[in-house]
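Structure first, commentary second.
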Amino acid sequence: MLHLSVSTVFFAEQHIMHAWWQRIRPRLTILYLAVALILLVISGAGHLRLFNEIGKVFGGFTWTIDAESPDKPIIIITTPEQLPPFAIPIGSLTSNAHISSVNHMYGTTGIERAYRQAHPQEIITYTAQGDHTPQETITRPAYIFTWNLWWQTFGLTLLAGLSWLIVGIVLLATASEWTGAVEGLTLLPPAILLLLYSHWGNIQTATPPDLVVQMIWIPSFALLGAGFIHLSLTYRPMAMVKGRKPSWLVDGLPYAPLVLLIAYDWVSFLSRGYVPIRTNIELSLGYAVFGGVVSLGIGITSIFQIVGIWPRYKKTADGPSSPVIPARIRYHLGDLLTLWIGGIGLGFCFGVLPILLRGQPLLPLAMFYVLAAVYPLILLYAIRSLRLIARLHVTLDQREEALQEQKKTAQELRKTNEELEQATRLLLHADAHLRSLLSQRIHDQPKQQALRIRSLLGYWQHKLRLEMERSVDGRITAPPVIEALSKVRKISEELERDLRGLQLLVEDAYQRRSLGLKLHLEKLIREDLPVLHTESLLEIRYDLWALDALNPDLEQSEEGEKIAEAISYTVTQALLNIYNHAGASYATVRTTFQENVLCVEITDDGHGFDVQAIPPEKTSLFKANLKVRAAHGALHIDSKPRPDPQHGTTVRLEIPLRPEARIDTQPQVQPA
């Protein structure tokens, strides 16, 4: 019962969690959609700025202004793969090369004027200098910024960002619990980095990094690191065993350092008018790397716990014990951790991190962006499949638990049934004993007294009649005395008949044991019942020859006593019902014995009744049914009410006889 109570509580908690999540999920999805719409608007604004640059002459690379330096030199962001590489290294955390002049004109003024006046393939002269390298002059032809260049440089990032954003919305909207929501929410940082890349870099017009880059795009690296930690904490094996609600420790603490980073950005912007890009990138990327390392450590620890290499012990009253991780959790987490560590982790380490450190990814940018666009779709398919598998495992576990509970309940019911059967046997035995005692006492006391009264009254009636005849003087007035004695005798006869009826109502076990079952039933049908119902015209035909198959010492055993009592009680009650309620003209009592089964059938041509409309416990045969079941038999009642031509009632009793309850030879069944 304790296990059943715990399971009930568990399913109640699951129902509460489900109701809570069903109420919160639509609001969270709407909030995610609002954020996604804002990101698309911001990204669209950046791409519109780039669309205005299509068809214009540029140097074959995207660039930006280093607002941290007093002279605001130019930093190279990227070079399209379709164009020849540039001798000046791309700006990164390890490279600080700047373009100080273009065509021998200072910084941004020189690059804008040179591009506006240049023609395609015209040679442009750049003067560059690094922190630890001497100044050098490099020449490079001018190119046209085309749609293809936009697509390879910025269009693929837009496509990849949309892929991450849409997959995040789908995962959130279809999540069945908070863990699924975390999976969708942690896809938002990569989407931000890819969608807002359109604000990073210039083609011809000199534009310093705007607030989108300073306040959203660069801090998204730190947001990505927080997402790594958040997801790894969510994927801990013990956290996946059962559903959970958002908590500050798991869902809030990884994002707490972002508050300090955002505060630093706003203080710098308000005090200086800009945010130091290098410092901002170093802080954001540092937390991203920290989050990746922490996430990797938690993920490896979770894998060790799944395979049992590093069990997590908990102290209990019986000593330290390792919690059991269900198989479905082990398989689910193994696949998820492989997806996230192998996908996002490798993508960050081999794609984003090399770009920031050396300005170039290990893979070509176009291939990297295509992989970045395809990976969320693979992730969506994998997570959806894992969710379905996890749901199937949960369903199987619940069915298994329900099956175990049903088995336990069945065992308890079986035990209860055995106890009820034992109690029924005791009650029936006590009932039989009490009725036997009552029958014997009725026979020995009131019935004998009634017989004595009748004998004495008959004697004195006869004697007074003789005295009256002999009297000559006429002083003896015998007629009144004779009349009184006649009334008393009549009362005593009625008393005797009533006592006999009472004896039949409780089933005359005393008479049955004295005469034997067959003779007892014959006397019951031929004498006892007709005497009780002298006004009835009912004719009863009987055939009791099959009872000769019963062992003469049947009632010497407990099982034999149950068989005899079931037959005697059922026949008595059925015939009493026919006399009192059926309105029948004839009835038959027929017995057969075939294949070690004794059958007793009582039929009548009465008005019948609807068996289904009368509750069994309201009929007089309910007790007979209990007695028949105690004798391992079966009782069948079939009745057809008028005006059915075959109206009447049939009570059929079938009892299998064990070898000790029957004689060796089976009697010939005589027709009725």
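On the given criteria, is Thr157 among the polar types (S, T, N, Q), on the phi < 0 side of the Ramachandran plot and crowded, with 20+ Cβ neighbours inside 10 Å? Yes: the conditions hold for Thr157. Being out of contact with any Cys (no Cβ under 8 Å at 6 or more places or on another chain) and not in a helix (DSSP H, G or I) is true for just one of Thr139, Thr108. Which residue is that? Answer to the check: Thr139.
Those residues that are aliphatic (A, V, I, L, M), part of a strand (DSSP E or B) and over 29 Å from Gly583 (Cβ atoms), I need them from segment 633-666; list them, please.
Ile655
Listed conditions (1) in contact (Cβ under 8 Å) with a residue 24 or more places away in the chain; (2) in a strand (DSSP E or B) are all met by Thr157, apart from (2).
In this structure, does Leu185 turn out to be open to solvent by less than 20 Å² (accessible area, probe 1.4 Å) and out of contact with any Ser or Thr (no Cβ under 8 Å at 6 or more places or on another chain)? The answer is no for Leu185. Within segment 213-245, the set of residues being touching a Phe, Trp or Tyr at 6+ places or on another chain (Cβ under 9 Å), farther than 25 Å from Ile303 by Cβ and not in a helix (DSSP H, G or I) comprises Lys245 only.
Could you please find all residues in segment 163-178 being under 17 Å from Arg23 (Cβ atoms) and part of a helix (DSSP H, G or I)?
Initially, segment 163-178 is screened for residues under 17 Å from Arg23 (Cβ atoms), giving 172-178.
Scanning segment 163-178 gives Leu172, Ala173, Trp178.
Please count how many residues of segment 541-563 are closer than 16 Å to Val589 by Cβ and open to solvent by 40 Å² or more (accessible area, probe 1.4 Å). Number satisfying all stated conditions: 4.
Tell me yes or no: at least one residue of segment 270-279 is of a type in the set (Phe, Trp, Tyr), in a loop (DSSP other than H, G, I, E, B) and either open to solvent by 40 Å² or more (accessible area, probe 1.4 Å) or at pLDDT below 75 (or both). There is at least one residue in segment 270-279 that is of a type in the set (Phe, Trp, Tyr), in a loop (DSSP other than H, G, I, E, B) and either open to solvent by 40 Å² or more (accessible area, probe 1.4 Å) or at pLDDT below 75 (or both). Mind checking whether some residue in segment 107-117 is on the phi > 0 side of the Ramachandran plot and either among the aromatic types (Phe, Trp, Tyr) or surrounded by 15 or more Cβ atoms within 10 Å (Cβ to Cβ) (or both)? Checked segment 107-117: at least one residue is on the phi > 0 side of the Ramachandran plot and either among the aromatic types (Phe, Trp, Tyr) or surrounded by 15 or more Cβ atoms within 10 Å (Cβ to Cβ) (or both). For the subset of segment 118-151 comprising residues that are surrounded by fewer than 20 Cβ atoms within 10 Å (Cβ to Cβ) and in contact with an Asp or Glu (Cβ under 7 Å, 6 or more places away or on another chain), which member is nearest to Phe51 (Cα to Cα)? Out of the qualifying residues, it is Ala142. Annotation note: Cβ proximity below 8 Å between a residue of segment 525-536 that is on the phi < 0 side of the Ramachandran plot and a residue that is among the acidic types (Asp, Glu) and open to solvent by less than 80 Å² (accessible area, probe 1.4 Å) (sequence gap 6+ or interchain) occurs for Asp528/Asp508. Residues that are surrounded by fewer than 19 Cβ atoms within 10 Å (Cβ to Cβ) and under 14 Å from Gly168 (Cα atoms) within segment 374-387 comprise Val374, Leu377, Ile378, Tyr381, Ala382, Arg384, listed in sequence order.
One residue stands out in segment 388-400 among those that are touching a His at 6+ places or on another chain (Cβ under 9 Å) and open to solvent by less than 70 Å² (accessible area, probe 1.4 Å): the one that is farthest from Ala160 (Cα to Cα), namely His393.
Out of all the residues in segment 229-245, which are in contact with a Pro (Cβ under 8 Å, 6 or more places away or on another chain) and closer than 30 Å to Ser198 by Cα? Those that are in contact with a Pro (Cβ under 8 Å, 6 or more places away or on another chain) and closer than 30 Å to Ser198 by Cα: Ile229, His230. Scanning segment 590-611 turns up one or more residues that are over 23 Å from Glu421 (Cβ atoms), open to solvent by 20 Å² or more (accessible area, probe 1.4 Å) and aliphatic (A, V, I, L, M).
Taking (1) in contact with a Gly (Cβ under 7 Å, 6 or more places away or on another chain); (2) modelled with pLDDT of 85 or more; (3) hydroxyl-bearing (Ser, Thr, Tyr) in turn, Tyr264 satisfies each apart from (1). When segment 39-80 is filtered for residues that are assigned to a helix (DSSP H, G or I) and closer than 11 Å to Ile203 by Cα, the ones remaining, listed by number, are Arg49, Leu50, Phe51. For the residues Ala222, Ala263, the requirement of being open to solvent by less than 10 Å² (accessible area, probe 1.4 Å) and either among the charged types (D, E, K, R) or within 26 Å of Leu37 (Cα to Cα) (or both) singles out Ala222. Any idea which residue in segment 188-217 is farthest from the chain's Cα centre (by Cα), counting only those that are crowded, with 21+ Cβ neighbours inside 10 Å and among the polar types (S, T, N, Q)? Checked segment 188-217; the qualifying residue farthest from the chain's Cα centre (by Cα) is Asn202. The residue pairs whose first member lies in segment 400-417 and is not in a helix (DSSP H, G or I), whose second member is not hydroxyl-bearing (Ser, Thr, Tyr), and whose beta carbons are closer than 7 Å, counting only pairs six or more residues apart or on different chains, do not exist in this structure. Taking the numbered list (1) under 27 Å from Gly516 (Cα atoms); (2) open to solvent by 20 Å² or more (accessible area, probe 1.4 Å) in turn, Pro641 passes all entries but (1).
The values are calculated or read from the model by the stated rules, or taken from the named source; none is laboratory data. Small disclaimer: the values here were computed from a predicted structure and weren't measured. Methodologically, a virtual Cβ is constructed for each residue, glycine included, from the backbone with ideal geometry; neighbour enumeration extends over all protein chains shown. For the accessible areas, the whole protein counts, side chains as well, though only heavy atoms, and no ligand, DNA or RNA atoms are used. Shrake-Rupley method; radii C 1.70, N 1.55, O 1.52, S 1.80 Å.
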